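Working notes, beginning with the structure itself.
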Amino acid sequence: MKLVGEKTVKGILGTIAFSAISALLLIALFILNEGLPFIFKYGVREFLFSSDWQPHLNKFGIFPMIAASLWVTLGAMIVGAPLGVAVALFLSEYVPQAVMRIIKPTIELLAAIPSVVYGFIGVMVLAPIIRNSFGGPGLSLLAGSIILGIMILPTVISISIDSILAVPQSFREGSLALGATTWQTIHMVIIKASKSGIIASIILGLGRAIGETMAVIMVAGNSVNIPTSPFNSVRTLTANIALEMSYATGLHRQALFATGVILFIVIIILNSIASVAIKKRTIKK
């Protein structure tokens, strides 16, 4: 009877796992099937490097959106990565463990806040500050970078803390026994030993930033142009898909799916790099 029960549970879990994997594969195949033919038909170079996005004239250059996505993501990493790693180091090495066990789950809960809430705060608070302080529309590349930088903090902090705590306690004790200060131990031992995990957290945060849609639509301004200033309004790849898919038809619809293919490839590359970094850390241990 026990054997039958184990086989039943194994079968159920296997079915669920296969269903999840199948769903992901079907989604990937659907996006590739819809987008790749357009890319090859329209021309890879023309599609990726042209700056002319005018669907009503059958012109589908996505370079302004690629540039905007890269700049917004870079800005988010400048805001979120150093702050996230610094918080992780502080919580792991300076804060008592009892307090850290309370603060860490609280920070992780921030990841559950809907992105529209972050976007609303950006529109109501951040954009007016930027507009009154620096001029321009306020809804800009800078606003998008700051909001995304805040949104990736839970990912960077949580994974970095896990990586830092995974460093053997003997490393700390040995460094302190040799006369190093706490900061010297953190700088010369802890960070180096957990470097791969910290890098993986930053890459995963980068993947989250480049794939974000709703918050960026609300705070970035959505103008199709190559940004020349942090205060320019921009439109990212994800925002372009979300804004135009509802009414797109024909070649326009195919071009949006092709944009999704580019995003899909970029995120796969980022996640692969993160996986390699995590495996490298595991092998070193």
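Counting only helices (runs of 4 or more DSSP H) wholly contained in region 3-121, the ones carrying 3 or more residues that are surrounded by 15 or more Cβ atoms within 10 Å (Cβ to Cβ) and polar (S, T, N, Q) occupy 63-93.
With respect to being under 26 Å from residue 69 (Cβ atoms), in contact with an Asp or Glu (Cβ under 9 Å, 6 or more places away or on another chain) and assigned to a helix (DSSP H, G or I), residue 147 fits the description.
Restricting attention to region 115-131, does a residue exist that is free of Cβ contacts under 8 Å to residues at least 40 places away in the same chain and within 20 Å of residue 87 (Cα to Cα)? Before you say what the answer is, go through the steps one by one.
The first filter runs over region 115-131 and keeps only residues free of Cβ contacts under 8 Å to residues at least 40 places away in the same chain, leaving 117, 121, 124-125, 128-129, 131.
Cutting the leftovers down to within 20 Å of residue 87 (Cα to Cα) gives us none.
No, that holds for no residue.
Just one of the numbered conditions (1) at pLDDT below 90; (2) of a type in the set (Val, Ile, Thr); (3) closer than 22 Å to residue 33 by Cα is not true of residue 210: (3).
Residues checked against (1) at pLDDT 90 or above; (2) part of a helix (DSSP H, G or I); (3) closer than 20 Å to residue 61 by Cα:
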| position | (1), (2), (3) |
| --- | --- |
| 192 | no, yes, no |
| 199 | no, yes, no |
| 203 | no, yes, no |
| 217 | yes, yes, yes |
| 230 | yes, no, no |
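The values are calculated or read from the model by the stated rules, or taken from the named source; none is laboratory data. Note that the coordinates shown come from a computational prediction; the quantities given were computed from them, not determined experimentally. Don't worry about glycine lacking a Cβ; one is built from the backbone with ideal geometry, like all the others, and counts go over all protein chains shown.
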